[in-house]
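As structure tokens, the structure follows; a few thoughts come after it.
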Amino acid sequence: MEAKEIIHVIGNGDLATLYTPAKGLKIVCNMPAFQVENVYATCMVDYKMMACLHEGNVKLDMYSWVLGVRPRHWMEMKPDFYMKYAHCVKEFYPTVPDYAENPTNFNCGHMAVHYSANKLKGKQIHMYGFDTLFDFNIRSSTDTYLNSDRSNQNNYRLIGNWRPIWPQIFKEFKNTEFVLYHYHNDVKIKLPDNVRVQVRNAKTKKNM
């Protein structure tokens with residue numbers, strides 16, 4: 001398999017740290033919690049992330065950006081912001097599949113994986129830091145710079161919205177192999193034949 005057909009999607013969950021350098025394209029979500037070399041692009045879907053960039057609270061100029069529906073709308077509303085960061089924008093990816101119903105349900109991880117399978121035509125997609133598939137844990141490295149409601153009630157709501165989308169993505173790209181990385185294999189959704197879990201030690205070094 002050629003390197004360009006292998007894609008590593010590094011999410012924002014705690015166990016994104018299970019990623020270790022390997023051949024293939026690297027896609028990150030928002031701002032990764034640790035250094036990732038040779039990043040192809042970062043994916044962003046939220047107004048809050050755009051506001052954080054606009055206010056100068058985070059800096060992502062070192063990456064190429066792939067932006068979803070709401071970031072595109074943000075830039076339409078704020079042309080000064082677009083002019084400032086147009087050089088960072090690799091492309092807009094406004095695709096929200098019907099099974100997601102709306103952009104709110106289609107989170108950054110969904111978009112990054114869907115983009116990797118649909119636009120980049122990845123044949124093997126490795127996924128790190130997608131902890132909500134395994135545990136009641138929606139902590140995100142973005143919590144350090146974005147204000148997020150992490151109450152149990154909201155956590156249940158988000159997990160209830162997010163988890164059902166994954167089987168649909170895996171089904172849509174049935175000829176793509178997906179590899180989920182976690183420290184146990186007790187995944188909370190039924191996995192089709194094109195998805196497998198790779199168990200790794202959770203004490204992987206963060207700075208690779």
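Checking the a/c ratio against 1.5 first, then a/b against b/c, what shape does the Cα gyration tensor give for the chain?
Because its axes are fairly even, with a/c under 1.5, the chain counts as rounded.
Taking 0.36 nm per intervening residue step and subtracting the Cα-Cα distance, what contour gain separates GLU5 from LYS84 on full extension?
25.2 nm
Length gain on complete extension for the stretch LYS121 to HIS184, per 0.36 nm per residue less the alpha carbon to alpha carbon distance?
Full extension of this stretch gives 19.8 nm more.
If each residue of separation counts as 0.36 nm, what is the full-extension length gain between HIS73 and GLN168 once their alpha-carbon separation is subtracted? Intermediate results must be reported in sequence, preceding the final value.
On the way: separation 95, 0.36 × 95 = 34.20 nm, distance 2.59 nm.
Full extension from HIS73 to GLN168 adds 31.6 nm.
What FRET efficiency comes out for the pair THR95/VAL199, r = Cβ-Cβ distance, R0 = 25 Å, nearest 0.05?
Here the calculated transfer efficiency is 0.20.
Suppose each label sits 7 Å from its Cα in the direction of the beta carbon; what would the HIS54-THR20 distance come out to in nanometres?
With each label placed 7 Å out from Cα toward Cβ, I get 4.3 nm.
Strictly over 30 Å apart at the Cα level, which of LYS23/LYS174; LYS121/LYS188; LYS26/LYS174; LYS78/LYS121; LYS48/LYS188 would you flag in this model?
Cα-Cα > 30 Å for LYS78/LYS121; rest within.
Where a number appears in this text, it was derived from the coordinates with a stated rule and is not lab data. Note that the structure is a prediction, hence the values are computed from the model and not measured. Glycine gets a Cβ as well: all are built from the backbone with ideal geometry, and neighbour counts include every protein chain shown.
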